[in-house]
1. Taking the solvent-accessible surface of protein heavy atoms with a 1.4 Å probe, what is the per residue accessible area of region 507-628 in Å²?
2. With the full set of protein chains in place, find how many percent of the accessible area of region 489-545 is carbon and sulfur; take the probe as 1.4 Å.
3. Averaging over all projection directions, find the projected area of the Cα convex hull of region 456-525 and quote it in nm² with one decimal place.
4. What is the distance, in nm, between label points placed 7 Å from the Cα along the Cα-to-Cβ direction at residue 483 and at residue 592?
5. What FRET efficiency, computed as 1/(1 + (r/R0)^6) with R0 = 60 Å and r the Cβ-Cβ distance, is obtained for residue 410 and residue 168, rounded to the nearest 0.05?
6. What nm value, rounded to one decimal, do you get for the distance between residue 514 and residue 323 when each label is placed 7 Å out toward the C-beta?
7. Give a residue-ordered list of calculated ³J(HN,Hα) values for region 77-85 (Karplus: 6.51 cos²θ - 1.76 cosθ + 1.60, θ = phi - 60°; whole Hz; x for Gly, Pro).
8. Under 13 Å Cα-Cα from residue 459, which aspartates and glutamates qualify once same-chain neighbours fewer than 8 residues away are excluded?
Amino acid sequence: MVQLSYPGVYINEVSSGVRTITGVATSIAAFVGFTRKGALDKAVSVTSFADYERLYGGLDRDSPVSYAVRQFFMNGGTQAFVVRVVKDPLAASLTLNDAAIPVLTVEASSAGSWGDALRISIQHTGVRNPDGDFNLVVSQLQPDGAIATLETHRNLTMNPESPQFVKAVVNAASTQIRVDTVGSPAYPAGLAISGAPAFPLAAAADGIIAGTVDGQFPFSLLLPTVGWADMATLVAAVDAAITAAGVASHLAVFESDADGVAGAGGHLTLQSQHTGAQSSVFVATGALGGLARTLALGVANGGREIPGAAEHRPAVVANAVPSSLGSDGTRGGFAELAGSPSAKTGFYALLDVDLFNILCIPETFDMPDSPQSKGLIAAADVFCAERRAFYIIDPPSSLTALPDVVTWANVSVSKNAATYFPAPRISDPLDGGRLRSVAPSGTLAGVYARTDATRGVWKAPAGTDATLNGVLELARPVNDIENGQLNPHGINVLRSFPVYGRVAWGARTRNGDDAQGSEYKYIPIRRLALFLEESLYRGTQWVVFEPNDEPLWAQIRLNLGAFMNGLFRQGAFQGKTPQEAYFVKCDKETTTQADRNLGIVNILVGFAPLKPAEFVVLTIQQIAGDLR
């Protein structure tokens, strides 16, 4: 409200109460299973099969997920999450040295033998600079033997205080490798100040030089602060102090650089007897008195102070091969695929995903029909119900007899799941184009996405429009009679018809068995309900903590009614008028005074779903003639 303080005209903007509800996505798929590359137990978004190839390595004979993702995008999918589940993998790695001293470890960004083809090069820029003095080049050995450069990280430094610190820069930018410094502190070799590893050598006070040699031999040299006629006198004093301190076998005066005139100042350079690492102290006499400055390693910049720290950068190497090879591990079983909710492993890695709509675990296609595989399916069923997602269950490929399929299907009677039979067969690029049976879930997830985009989530992903792209034949032909044995049990059949090709010829949930009599018998009705639940859940967050009375209820009816009316106009509900198609009720009848006292507002939303025309009955009668 505008404060009225002077005579005149005031303008005050008042909210209309309109808060637009946006429908959520309906066909974001999630794939869980074995790949040879990629982050472990982490859901990563991909928007094309090219993304999948870059992040997970593309098609692989031992990876049902790779074929499922390819089929998903081929059939109309646009966005997916991939969770890599592998048992006991190892990442390729190597250690880079400065002379003989390990200073940096380089490891492939994810476990797997793919990292064995990585090659690492170090290029020195020729200038000691705290803001970066070497480049790290990541290359890859190609099948034809050529070396292709993947990444180049420039002007890196081993100084952790620098914005160009190698660990910070590479780990933030690289998709191929991760690096780490060796030992603690970051510079394990050479001279380092005790308690302050950023510097190699300290003039703690005039006349005192303190440090550690090779990170393990501490020393403190007490020197006379007066009476140095020249740098030669200082060198002799330091040499005597080294002997007196008992570190002569570890530390020595290496050289001096001075004018030889009292008061002129110069450099005193110490060297480790073990590694040859050097450290310089700038000596200023006269007005500045005694030892006054500490420099970085070396005598760069003509004796001027270098802000920053001493460092041991990796030695120059070209296309270094990983010394520790990676391992792909083995395909995960029930325990690995199911994972842990607390650790967010297996399909529970999807807990970190804001929204996904379709879950696919193609690994179950290659699993035998066992209590373990049924337990995995049951756990995934529950997870999807909690996340308002839909699970496409892949039956084991070993099941070919119809009675066996019907018996197996009892593993799930969930309204949030569906299963398809038989398996599609596609041309396998890795096997000379020969046919390969693949899990149905990837192909059908793509069909769901294509149908949602062209017709809406309320349209059954089945019929002559639901063609299976990329599918050349089916693992088993199914005729009408056999179809009639599976459909009443909620098993959706894939059929092959002349002209139309391979199509999905069923739209029932696992709760769609005729004996169930479920209100969520059909896939489009259940997926529409999930869409409404998620959209309204997200679109009514603003209601929390609003005053719980008639003005709020009116806004709720306005906003939810506008959303439902938009869907009605698109053909999502049955009925000629909005009153026949849906209703939104929020008033003193749904929210009593007792509810208000408890801080509760109740909103009742109803909709009349469109059921698919599963059975089309034509009645044909012959006219006997004119009986008049």
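1. Each residue of region 507-628 exposes 62 Å² on average to a 1.4 Å probe.
2. Answer for region 489-545: carbon and sulfur cover 53 percent of the accessible area.
3. 5.1 nm²
4. Inter-label distance under the simple model: 5.2 nm.
5. Efficiency, rounded to the nearest 0.05: 0.65.
6. Inter-label distance under the simple model: 7.1 nm.
7. Going residue by residue, I get x, 10, 8, 8, 10, 10, 10, 7, 10 Hz, with x marking Gly and Pro.
8. Candidates past the 8-residue exclusion: 614.
The values are calculated or read from the model by the stated rules, or taken from the named source; none is laboratory data. Computed from a predicted structure; not experimentally measured. Heads up, the Cβs are rebuilt from the backbone with ideal geometry, glycines too, and the neighbour counts pull from every protein chain shown. What goes into the accessible areas is simple: the full protein's heavy atoms, side chains included, and nothing from ligands, DNA or RNA. Shrake-Rupley method; radii C 1.70, N 1.55, O 1.52, S 1.80 Å.
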